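Encoded as C-alpha cells, the structure appears first; notes follow it.
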Amino acid sequence: MSAVAVLPGARFGLAIGDATAMAGRNLRRMVRAPDQVVFTLISPIMFTLLFRYVFGGAIRGLGDINYVNYLIPGIAVQTAIFTSGNTGFALAEDRSKGFVDRLRSLPMSRSAVLVGQVAAVAVSNIVGLFIIVVVGLAVGFRPHSVPGLLFGFAILLAFSVATSILFALVGLYASSSQAVNAATFPVIFPLTFASSAFVPTSTMPTWLQAFANHQPVTIVINAVRDLTLGNVTPAQRQELFAGRSTTYLVVVSLIWTVAIGLVFGYLAVRRYNSTTS
C-alpha cells in the first residue's frame, strides 16, 4: 500500500529526470552544431545592427520615440520565433534516424522527448535574448524600467515555448528536417514581417493593417514593446498600439500563448504517442 501511495510522486520525479536528461542531450547537440551556434549568437546581432543603422533613419511615425527602443522588442520576438523552429528540425532529424523509436522502447516518460526538446530551445532563446539586450544597450536601447523589461521578456519566453510546441508538431509530421523548413517558413515569414516588428502597422495599407493588428505576433510584440517603453502619450498609443491599453495587450498575448500551447501540445502528444519513423 505504501509503495502505491508514493508511486505518483515517484513517476513525476522520474518524468522530470527524463526530461532534464533529454534537455541536456539536446543542448549538447546544439553546442556541437556550428550553424545553430552561429544563428543563436550572430543572427540577433546582425538584425539589430542592420535595422538600427541601415533602415532606422528611414522609419517614420514614431514621434519622439527613439527607433532603437521601438526595434529591440521586435527583433527579440522575431529571433525567439525563428529559434523555436529548431524544435521541429531536431525532432524530424531524430525521427529520420530512428532515435525517437529507440526512446519509445525504453522505460522512460513519454513526455520527456517533447518537454526536453522544448526546454532546450527555451534555454537557447534565453541566451539569444541576453545577447539582444546587450547589443541593444550598446547601440542606444534604453528600457523604461528593469521590471518592465523582465516582465516583457517573460511574456516573450512563454510565447516562444508555445511556438516551440507548434513546431514540435510539425517535426513529428515532417518526413525530414528540410520538410520542416518548407512547411514553417511560409508561415513564419509573413507573421513576423507583416507585423509591428519593424514598423508601426499604421504605416501599412488598410487591408494589411486588419491582419497585422490582430495576429498573435503583433500582439506579443506590442505587449513587450509597451512594457519596455513605459509611459507613452495617448497619441503614441494610438499610432503604435492601435489605441490598445497595456492590460489589453498583456492579457491577449497570454491568451494567445496559452491557446497555442494547449491546442498544439495536445496534438503533439497524440502524434508522438502514435507515430513511428
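Derivation of every value follows stated rules applied to the coordinates shown; laboratory data play no part. In this text, all values refer to a predicted model and were calculated from it rather than measured experimentally. A quick note on method: Cβ atoms are made from the backbone with ideal geometry, for glycine too, and the neighbour counts reach across all protein chains shown.
How about the stretch 94-201: which trypsin sites (Lys or Arg not before Pro) there lie in a loop by DSSP and see at most 16 other Cβ atoms within 10 Å? Sparse-neighbourhood loop trypsin sites (Lys or Arg not before Pro): Lys97, Arg110.
Overall, the stretch 93-148 carries a charge dipole of about 120 debye about its Cα centre when +1 sits on the Cβ of Lys and Arg and -1 on the Cβ of Asp and Glu, all other atoms neutral. Considering only Ser164, Ser196, Ser176, the mean-square fluctuation computed in a Gaussian network model of the chain, springs between alpha carbons under 10 angstrom, is largest for Ser176.
In the stretch 134-277, the alpha-carbon atoms span a convex hull of 133 Å³ per residue. For the chain, the longest principal axis of the alpha carbon atoms and the long axis of helix 246-274 meet at an angle near 30°. Relative to the longest principal axis of the Cα atoms of the chain, helix 216-229 runs at roughly 60 degrees. Placing unit charges on C-beta atoms (Lys and Arg positive, Asp and Glu negative, everything else neutral), compute the dipole magnitude of the stretch 2-274 about its Cα centre in debye, rounded to 20. About 520 debye. Taking Cα centre as origin and charging only the Cβ of basic (Lys, Arg, +1) and acidic (Asp, Glu, -1) residues, the dipole magnitude of the stretch 129-277 rounds to 120 debye. Round to the nearest 10 and give me the degree value, 0 to 90, for the angle of helix 146-173's Cα axis relative to the longest principal axis of the chain. Approximately 50 degrees, to the nearest ten. Computed extension length for Phe193-Ala235: 12.7 nm, one decimal, from 0.36 nm per residue of separation with the Cα-Cα distance subtracted. When the chain is described by a simple charge dipole with +1 on each Lys and Arg Cβ and -1 on each Asp and Glu Cβ, the residue from Val232, Thr184, Gly140 located farthest towards its positive end is Thr184. Comparing mean-square fluctuations of Val252, Val38, Val220 from a GNM of the chain with C-alpha springs under 10 Å, the top value falls on Val38. In this rough spin-label picture, where each label sits 7 Å from Cα along the Cβ direction, the Phe211-Arg102 distance is 4.3 nm.
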